[in-house]
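Some notes on the structure that comes next.
Throughout, read-outs are computed from the coordinates displayed, never taken from laboratory work. In this text the structure is predicted, and so the values were computed from the model without any measurement. Cβ coordinates were reconstructed from backbone atoms using ideal geometry, including for glycine residues, and neighbour counts include every protein chain displayed.
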Amino acid sequence: MAYSIKDIGMAAQGVKSLGWAEQHMPTLMMLRAEVGESRPLKGMRIAALLHITKETGALARVLKHAGAMVNLAASNPLSTQDDVAAALAKEGIGVFARRGESSSEYNNSIKKILKTAPDIVIDDGADLHAALHQDYKSISIIGGTEETTTGVTRLKAMERQGVLRYPVIAVNNAHTKYLFDNRYGTGQSTADGIMRATNVLIAGKRVVVAGYGWVGRGIAMRMHGLGAKVIVTEVDPYKALEAVMDGFEVMPMCDASAKGDLFITATGDRDVITATHMKNMKNGSILSNSGHFDVEIDVKGLGRLSSTKRQLRNNLTEYTLKGGKKIYLLSEGRLVNLASAEGHPSEVMDLSFSNQFLSAVFLCRNRNLEPRVYNVFEDIDMRIAKAKLRTMDTRIDTLTKAQKAYMASWSSGT
Ligand SMILES: NC(=O)c1ccc[n+]([C@@H]2O[C@H](COP(=O)([O-])OP(=O)(O)OC[C@H]3O[C@@H](n4cnc5c(N)ncnc54)[C@H](O)[C@@H]3O)[C@@H](O)[C@H]2O)c1
């Protein structure tokens, strides 16, 4: 899927989009400026499987500026922004992706970026890591990073089974990632995706949010802000308790399915909304997913229940069930915030991708790490938090000597 001379018009638009993203990613741009001519990633081949958005483009440019040869493929068939992909290809970044690619094109693109024999891999969802542990075991990798919760879950399973063959930094687990990207990024962009696909009024709707983790709570918060009556479903008693005390109704999906107007899954789990739940639903119910893989809503089951299906608008499919009831599915059950909108706002990706960049440099400089899943190192996480606050013109207090001593002691201080 190399981008050709025909894509020049598209590339020009992509350059503008990249500029807009960079303008809103001051921390990453500050790190780029600090790199100057020092080229900390000189000679490194980096393969990245990420959503190819304008923000990913900004990261790819910084990696290239730091000396790396960068090849990108998409971590989701529906999330590529073709104008950005064309612009990056024109700048000498390898891009193997197009919006709406088939499953076989998706898998071929993974093969193509692995053929470049990468030294460092950046992944979102762990499909690239999984391929390197199945069919591409001969490629020697210095280390990798992982962007999302589902990817970290898969990598921890590899670590538990003793099969992980190189160190991986769980970028998702940085404070400056999950507290902001998963919560505020997905909260806003999920609302954006649903509204672009449907333009329905959220106020007054009963919105069922499945999962009250970092993503789910961001979505619940934003839906509440738009005037929805939010119902949360959970399997974790602590999270369920939090949702209750945050003011939301909590109930199992078998009950929520009969009450909701709009459903949003955000669990990282499978079979969260099944055909049995769909039979319970009201006419006109809208289903969407913001979890990483398209396994949360049983799309095949919905097909089996239906007599007809038609595309009403971009990313909005109408299913007519055998009894005549209509159910609407957004973005084929794939990440609604990336497929129907543009993914997270740049300001949030500024934090996530600053972690990605500094973690790649860390891996390059520290070649003796055991093959384990590591959290982002505290000094990197803290450096990014402080830098971001500076870019937001926000100052905070610092502990005095006496306060430090008091906080470290067990005396009452009287
Ligand atoms: N759309 C995006 O851009 C985006 C951004 C970040 C993360 N994600 C993805 O979103 C998903 C959730 O991420 P997170 O960081 O919130 O994870 P998390 O672990 O913080 O939260 C997931 C929650 O879902 C609950 N859960 C699991 N199975 C459930 C079920 N069957 N029914 C109801 N609740 C269930 C868990 O108890 C947990 O509280 C993951 O797949 C992650 O990769 C997507």
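Using the Kirkwood formula on the Cα atoms of the chain, what hydrodynamic radius do you get, in angstrom to one decimal?
Numbers: mean 1/r = 0.0447 Å⁻¹.
When all Cα pairs of the chain are included, the Kirkwood radius is 22.4 Å.
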Do any of Lys229/Lys300; Lys205/Lys326; Lys137/Lys300; Lys111/Lys156; Lys156/Lys300 go past 26 Å between their Cα atoms, and which?
Lys229/Lys300; Lys137/Lys300; Lys156/Lys300
So what are the ³J(HN,Hα) numbers for the range 275-291, from phi and the Karplus equation (6.51, -1.76, 1.60; θ = phi - 60°), rounded to whole Hz, Gly and Pro as x?
4, 4, 4, 5, 4, 6, 6, 6, 4, x, 4, 10, 10, 8, 9, 10, x
When only Cα pairs under 8 Å and 6 or more residues apart are kept, what is the percent relative contact order across the range 13-172?
20
Over the range 187-339, what is the relative contact order in whole percent, taking alpha-carbon pairs under 8 Å and six or more residues apart?
22
Partners for Lys404 among lysines (Cα-Cα distance below 30 Å; same-chain residues under 8 apart left out)
Lys177, Lys386, Lys388
Integer Hz, Karplus 6.51/-1.76/1.60 couplings in order for the range 106-122, x for Gly and Pro
4, 5, 5, 5, 4, 4, 5, 6, 6, 5, 7, 6, x, 8, 10, 10, 10
Amide H contacts under 5 Å for Ala174, restricted to residues at least 5 apart in sequence or on another chain and with H modeled in the peptide plane, are Val376
GluC sites (Glu not before Pro) in the range 32-71 lying in a DSSP loop, each with at most 12 other Cβ atoms within 10 Å of its Cβ, come to Glu37
Relative compactness, the range 187-339, computed as alpha-carbon Rg over 2.2 N^0.38 Å:
0.94
Using the Cα centre of the chain as the reference point, and only Cβ charges (+1 on K/R, -1 on D/E), how large is the resulting charge dipole? Debye, rounded to the nearest 20.
480
Relative contact order for the chain using alpha-carbon pairs under 8 Å, separation at least 6, rounded to a whole percent?
16
Taking the C-alpha atoms of the range 214-284, how large are the radius of gyration and the largest Cα-Cα span, Dmax, in Å?
11.8, 33
